[in-house]
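Structure, as structure tokens:
The values are calculated or read from the model by the stated rules, or taken from the named source; none is laboratory data. Worth saying up front: this structure is predicted, and the values here are computed from it rather than measured. Using ideal geometry, Cβ is built from the backbone for each residue, glycine included, and neighbour counts are taken over all protein chains shown. Protein only, heavy atoms only, side chains kept; ligands, DNA and RNA dropped before computing areas. Shrake-Rupley method; radii C 1.70, N 1.55, O 1.52, S 1.80 Å.
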2 protein chains.
Amino acid sequence: MKNKIQNIKTSNHKTWQSAAILALFFFFSIELMAQDKQQFLSAKESEPANFEWMQGFPPAPDKVLHTWDGSFFKFPAIRWSVVHMREILPTQNVSRGLEASEALQYNLDSHIDSLTFIPWNSKKPMSWEASLWENYTDGMIVLHKGKVVYERYFAELTETDVHAVMSLTKSFTGTLASILVAEGTLDDKKLASFYVPELKKSAYGDATVRQVMDMTTALKYSEDYSNPKADIWEFSAAGNPLPKPKDYKGPVGYYEYLETVEKEGEHGEIFGYKTINADALGWIISRATGKSVSQLLSEKIWSKIGMEQDAYYQVDSKGIAFAGGGLSAGLRDLARFGELIRNKGKYNGEQIFPQAAVEDIMKGGSKEAFAKSNHPNLKGWSYRNMWWMTENENAAFAARGVHGQTIYIDPAAEMIIVRLASHPIAGNAANDATSLPAYKALANYLSNKN
Amino acid sequence: MKNKIQNIKTSNHKTWQSAAILALFFFFSIELMAQDKQQFLSAKESEPANFEWMQGFPPAPDKVLHTWDGSFFKFPAIRWSVVHMREILPTQNVSRGLEASEALQYNLDSHIDSLTFIPWNSKKPMSWEASLWENYTDGMIVLHKGKVVYERYFAELTETDVHAVMSLTKSFTGTLASILVAEGTLDDKKLASFYVPELKKSAYGDATVRQVMDMTTALKYSEDYSNPKADIWEFSAAGNPLPKPKDYKGPVGYYEYLETVEKEGEHGEIFGYKTINADALGWIISRATGKSVSQLLSEKIWSKIGMEQDAYYQVDSKGIAFAGGGLSAGLRDLARFGELIRNKGKYNGEQIFPQAAVEDIMKGGSKEAFAKSNHPNLKGWSYRNMWWMTENENAAFAARGVHGQTIYIDPAAEMIIVRLASHPIAGNAANDATSLPAYKALANYLSNKN
């Protein structure tokens, strides 16, 4: 993968295509096999401070990062970029409002770092702390029974920064849709094209909102990045906020692309994790409410639970938020969101949105539809309202994004884990082996503690 | 002027040049003569809600605004854009920190709207409220003795938005420099090239930091936008964050441009209001401290006085903040800053930075140097540390930005006025006649009140 990224050739003539490559990395969906780590600098070695990306007045020529030559998202530069998306891309604010934030309560547990677990396909125990370094963690926070028991920042991230959350964005889109369904503003049994007539001739023409929410749509659409003709490239090019080249004939903006997606197979049968479903859902909820995804997130959640920082979305050239992967947010604010979900929409005693919105997530999706998809490491899981349901004994579920982002909610253990990271490998298969069993070990530890 | 803007031709081949045109509007420095208003839609008629710029999912094709075709900053679209800079341009955050904001105290005075004054070159009294509509005001706040006596939002601006402050940015840069001088971190008697050796061969090579701060540098540099060969275009093109065209041979980024500026005349003799001085000063203070202008503004001011919103800077393709005109901030936060200056660096009883930093501003600049410049409407004024000194009986001074932005500080009347606006004419000569006498009338009214 490293070589693949480094071999991306940038032609002066078509710099926009290289820019499109950047966009790709936000919504990488392929569960790449973990590769030999030897080829990458370690977490410590790859810290941005060692490279001075975009530092200095001005930065040295080889330390300047751009979207249009792909440099911005190459490892190890990505370790800087995940904390600085807005400095390279146009963005839309998600306002926390003007009220004071509500401080999280702390009950730090110094034993967590030395907690051990057995990684998948291994017999050697690994410590919690070692797993953080192993996975190029930028930020890790754990809440137990609503209190912070663990919090650490690494590399470029501090408590006053926000971090690209990649595909966690989808779970925000799905949660907003679930809230709107529970509130009666959105009918998940209706067709997507009921809300967005422009989608009538596309694959979404006869897909229900529910099928979009659960990604059981049958789309002729490939996110295989290794194929230069994969549809993902066209989607990326459409959503790229830079001016299109003169000879560009493709769709402009995320929505125009969605109108072109063709059907392949029957809706409702197979889970197919495809970013464009989240953008279709973003379109649907915007049409159902007359509000942008940014505005909805602010109104329904961000301004309601004492967030301490505004968040933001990357936008296309028409100002449309990238609902499939464009959000950046702060570590503690993501934990607040996780806690809001764990408490079924209740926060500090107040019901922020209908409990039914979370109950509909927690009941899980179709295990059959999930089993037919290609996720060999996630056996028995399901997918519901753009959340990954482990279906384990604790009924844990998660938002998951490439390069190691997660919000992991364990209802039985009353635990929230948020990890922000900049792993050199996009696909989460590369870090699941040393993180999912760690989360389970921590859940056990915390459950047995009191 | 309207025709000039509307006649800007955009060639597909050189869209970047059109983008450069946009940048121009941020730091227009020519005091344009007020023109016949008849040719522009009124403030009411031009409200963004009447046009739906960038509204809808997606916006209608003729409602999409871009930097690269100039549409973003054409009147009346500019009325939307001033509140949404980050949605079109890359930006750098100015953090307020995570603490709760400190609420402003209120003592609203409902008589202010009907207060009257005589505009320059007129005999007919005008009401305060009428002047706001006359000047395409987006936000107006007045503090008297530290309390809000007047606050209104118009058009696209609300209390949870930020607004482009154009050249008010310069006064922030100048204030930061004045603080650093007072703290002993910056020596204003040293040459600019002492801090930035790269400037040695440029006009700045033998200019002192003091001359840069007071804009008495002798530069071969024209901001005459009507001349297609004016230097301003080259500066704009250099600072444009979009990728440069293949055949572009000019400097890349604000700093590289500054290295090319030639000397014309002798430093220290004539005040010459040129945006590039603020960017040179931004470079100097970054080198003197090792910190970006964004970081300095956050550390010295934004995180210190209970601000309620983060601010942000527009950046060039190297991530360098546009210290001459790239700041966006909230109305009330700008008022807090004005109050901090009026109280000589003290805020809510705490000395935030040395009093000497403001005293050095308030002693004013050289009236002789100012008189030799071309500001026929601002007779007797001076310019100090990037603030405009009225030198009137109240010792009022102001930050001023194109399209009607101002922070007006009247020490004798214990009054701060902040106006954010999107006047169709960039140069402030177009609105000074109906605002500066209004500010004076309000100062008199408030002074006589108690």
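Annotations for the structure displayed:
- Taking the range B:414-450 and a reference point 7 angstrom along Cα→Cβ of B:LYS145, the backbone N atoms nearer than 20 Å belong to B:414-418, B:440-450.
- Rounded FRET efficiency, nearest 0.05, which uses the C-beta distance separating B:GLU264 from B:THR116 and R0 of 35 Å: 0.15
- The range B:179-278, accessible area per residue, ligands and nucleic acids excluded (1.4 Å, Å²): 42 Å²
- In summary, the lysines within cross-link reach of B:LYS379, defined as a Cα separation below 24 angstrom excluding same-chain residues under 8 places away, comprise B:LYS123, B:LYS124, B:LYS170, B:LYS274, B:LYS363, B:LYS367, B:LYS440.
- Chain A: antiparallel DSSP beta bridges as a percent of all, rounded to 5: 95 percent
- Restricting the range B:233-340 to trypsin sites (Lys or Arg not before Pro) in coil, as DSSP defines it, with at most 16 other Cβ within 10 Å: B:LYS246, B:LYS249
- Simple spin-label estimate for B:GLU45 and B:LYS449 in nanometres, 7 Å along Cα-Cβ: 3.5 nm
- Under 13 Å from the Cα of B:LYS63 - aspartates and glutamates, other chains or at least 8 residues apart: B:GLU52
- Ascending distances from the A:LYS201 label point to its copies in the other chains, with the point 7 Å along the Cα-to-beta-carbon line: 5.9 nm.
- Taking Lys and Arg as +1 and Asp and Glu as -1, the other residues whose beta-carbon sits under 12 Å from that of A:ILE112 total -2.
- Helix-only [θ]222 nm of chain B, DSSP H runs n ≥ 4, -39500 (n - 2.57) each, per residue, nearest 500: -7500 deg cm²/dmol
- Buried solvent-accessible surface, both chains (A, B), 1.4 Å probe, Å² to nearest 100: 3500 Å²
- Entries of A:LYS300/B:LYS318; B:LYS74/B:LYS229; B:LYS74/B:LYS201; B:LYS201/B:LYS318; A:LYS74/B:LYS244; A:LYS147/A:LYS346 with Cα pairs more than 27 Å apart: A:LYS300/B:LYS318; B:LYS74/B:LYS201
- Taking a sphere under 13 Å around the Cβ of A:LEU296 and counting the other residues whose Cβ falls inside, with K and R at +1 and D and E at -1, yields a net charge of +2.
- Pairwise FRET efficiency - A:LYS379 versus A:THR158, Cβ, R0 = 30 Å, nearest 0.05: 0.20
- With θ taken as phi - 60° and the Karplus curve 6.51 cos²θ - 1.76 cosθ + 1.60 applied, the whole-hertz 3J(HN,Hα) list for the range B:254-265 is 4, 5, 4, 4, 4, 5, 8, 6, 9, 8, 8, x Hz, x standing for glycine and proline.
- The protein assembly as shown - percent of accessible surface contributed by carbon and sulfur, probe 1.4 Å: 47 percent
- In this calculation the C-beta distance from B:ALA60 to A:ASP187 is compared with R0 = 30 Å, giving a FRET efficiency of 0.65.
- A prolate overall shape is assigned to the protein assembly as shown, the ratio a/c of its alpha-carbon gyration tensor axes (a ≥ b ≥ c) being 1.5 or greater and a/b exceeding b/c.
- In Å², nearest 10: area of B:LYS440 left accessible to a 1.4 Å probe: 80 Å²
- Distance (nanometres) between label positions extended 7 Å along Cα→Cβ at B:TYR248 and B:TYR106: 4.7 nm
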